[in-house]
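Nothing in this text is a laboratory measurement; each read-out follows from the coordinates by a stated rule. Since we're looking at a predicted model, the values are computed, not measured. Backbone-built Cβ (ideal geometry, glycine too); neighbour counts: all protein chains shown.
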Amino acid sequence: MRTYEELTAEDQEKAVNQCATDLLKAILDGGLRFDDGKNENNLQSRIDAACEEADRQQVPWFAHEFIMDTCKEEIMGMAKADAENSVSPDPSEMVVRLKSG
């Protein structure tokens, strides 16, 4: 297994992008919400507005793009932190994922 620092620049970018995709999926599935009051920002309000705009334009499948249009800095910052705190398999390592539940 390799830490973020041990990855090539290209692999680091892929790791961050994968983490961003995972965050957006969790947000859109409703499993991840942010507390604007506790965080002293309006991230969740902007996410909600982006989703509402995608619905208003009748393109809910593009909600992730609407979110990134208004929240990219925060999403990518969280994704980079997630990637930095993760490990990645070496190309020769096999990864087995177990489903929970």
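Worth a mention:
- Helical segments meeting 20 Å axial Cα length and Kyte-Doolittle -0.5 threshold in the chain (DSSP H): 9-29, 63-84
- Counting every alpha-carbon pair across the range 41-89, the share separated by more than 15 Å comes to 50%.
- Scattering profile of the chain at q = 0.11, 0.14, 0.17 Å⁻¹ [log10 I(q)/I(0), Debye over alpha-carbon scatterers]: -0.42, -0.64, -0.86
- Multiplying the residue separation of V87 and N17 by 0.36 nm and removing their Cα-Cα distance gives an extension gain of 23.7 nm.
- Amide H within-cut-off set for R2, under 5 Å, with H built and near neighbours excluded: S88, D90
- Charge dipole (debye, nearest 20) of the chain; +1 at Cβ of Lys and Arg, -1 at Cβ of Asp and Glu: 340
- Around the amide H of N42, modelled in the peptide plane, lies no amide H under 5 Å away from a residue 5 or more places distant or on another chain.
- If you take the Cα centroid of the range 1-53 and the Cα centroid of the range 72-100, the two points sit 12 Å apart.
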